[in-house]
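Structure, as structure tokens:
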Amino acid sequence: MRAIDYARLAASSLGAAPVRSCLTMLGIVIGVAAMISMAAIGAGARSKVSEQIRSFGANVIMVNSSSASRGRLASGGRQPLSISDSEAIAELSAVRRAAPAIAGPARLVHGALNWGTTVNGTTLDHFEIRRWQLESGRLFTAEEETSAGQVVVLGNLVASKLFADEDPLGNVVRIGNVPLEVIGVLAEKGTTGGDSQDDVAFVPLSTAKDRLIGSATGDRNAVGYILASAGSGADMDIATEEIDELMRQRHRVMRDEDKGFTVATAASIVAAQEASTRTVATLLAAVACVSLMVGGIGIMNIMLVSVTERTREIGLRLAIGATPRDIRTQFVIEAVALCIGGGAVGVVMGDAVAMAVAHLAGWPVVLDPATAIGAVLFSGLVGIVFGYYPAKRAAALDPVAALRGD
């Protein structure tokens with residue numbers, strides 16, 4: 001028999017019971033749909049993580065005080081991060097820049113408008129490390145940094161909330177009783193881990209210490225965190241190790257549990273925030289595997305029932321010259337056709353689910369044609385595996401016994 005003959009017979013047999021054929025495909029449809037949506041959401045998550053890392057800044061390393069350290073500081077037991085630490089980090093061979101900073105919540109007021117945001121006191125190196133571009137205006141000068149100048153650079157979101165269509169440059173905003181001149185507006189950066197990077201305001205470190213935030217420890221040298229950047233991507237691991245070792249020496253840390261600081265890369269911070277997405281993808285993968293297994297078993301059962309129902313047809317075909325191979329091939333093709341049809345429908349449903357997630361949750365998805373083709377081919381393999389046993393049973397029937405059967 002020719003391939004087209006097998007296909008025609010399979011289509012005729014499946015078309016004779018369309019409702020049963022559709023229900024048989026249901027498990028494959030669900031499995032492939034879960035597989036496609038999982039792959040699209042997972043690829044979207046990886047794409048989003050990469051985008052967030054790029055937006056956060058290239059080769060960024062963060063040094064923060066640990067919660068244990070903050071607890072000890074209240075009782076005077078451990079020294080905080082300091083400007084001196086930042087200067088020492090900047091001198092390491094694998095580090096390009098380092099910027100000390102303190103941050104705290106504040107409400108900015110302009111006329112009748114006000115907006116609550118995070119105010120960062122830092123140095124010019126902070127903007128270089130984060131690769132933050134200006135939309136308009138300028139950054140602090142060296143004189144403003146040393147003299148606690150009353151100037152502020154606004155994030156894009158803060159500028160839009162306080163000034164709407166008005167040009168912020170040259171205007172004055174107040175934080176508490178402190179007037180600050182707006183000298184610059186930063187270009188938009190987007191979100192990281194669900195938080196807007198543009199909801200921020202920057203002032204010189206000395207201004208934050210002297211006029212706004214101050215220091216929780218009363219130490220003029222103390223800072224809240226330190227940002228550093230490695231010389232290149234290849235230097236990230238070396239820079240992280242050097243910073244960790246330097247801080248251990250400067251803070252006299254003998255045991256890991258005594259560390260009063262953490263050293264982390266931007267990539268690890270963002271990746272940790274996206275861990276929940278990988279968990280969801282893993283669960284979807286488990287659902288896909290179980291559904292495909294259940295769908296394959298369902299197809300095998302229906303094909304066995306079909307063999308029983310079509311015993312006389314099989315006997316007649318064998319009696320007039322069909323070979324066992326012809327019978328076996330026909331039933332395998334029917335099983336494969338069911339699985340490939342279910343796979344095609346599952347691809348459409350999976351794409352629809354992924355697009356719905358993108359629309360409702362604001363989460364990016366990446367639809368890969370190669371994944372869709374692979375899912376359909378895999379469903380065809382399921383048809384071969386689970387359809388072979390019923391096909392073998394049909395081909396092994398004795399023609400005389402089959403023709404006598406009811």
Checklist entry - If R0 is 25 Å, what FRET efficiency do you get for residue 352 and residue 290 from their C-beta distance, rounded to 0.05? => result 0.75
Checklist entry - Ignoring any ligand, DNA or RNA, what whole percent of the accessible area of the range 346-385 comes from carbon and sulfur when the probe is 1.4 angstrom? => result 81
Checklist entry - Where only protein heavy atoms count, and the probe is 1.4 Å, what is the accessible area per residue for the range 288-392 in Å²? => result 49
Checklist outcome for this item: One finds the C-alpha centres of the range 122-171 and the range 324-364 to be spaced, in Å, by 54
Item to check | Summed residue charge, Cβ within 11 Å of residue 128's Cβ, Lys/Arg positive, Asp/Glu negative | outcome: +3
Checklist entry - What's the extension gain from residue 238 to residue 326 if we count 0.36 nm per residue and subtract their Cα-Cα distance? => result 25.1 nm
Next on the checklist: Can you list residues from other chains, or at least 5 along the same chain, whose modelled amide H is less than 5 Å from the amide H of residue 134?
Outcome noted: 187
Checklist entry - Non-local amide H neighbours of residue 265 (under 5 Å, H modeled in plane, Pro and chain starts lacking H): which ones? => result 62
Checklist entry - So who's got an amide H within less than 5 Å of the one on residue 82, skipping anything under 5 residues away but keeping other chains? H placed 1.01 Å off N, in plane. => result 223
Item to check | Largest-first principal axis extents, alpha carbons of the range 79-144, Å | outcome: 49, 32, 22
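The values are calculated or read from the model by the stated rules, or taken from the named source; none is laboratory data. If you're wondering where the values come from, they're calculated on a predicted model, not measured in any experiment. When we count neighbours, we look across all protein chains shown, and the Cβ atoms used for this are built from the backbone with ideal geometry, even at glycine. Side chains are part of the model used for accessible areas, which takes the heavy atoms of the whole protein and leaves out ligands, DNA and RNA. Shrake-Rupley method; radii C 1.70, N 1.55, O 1.52, S 1.80 Å.
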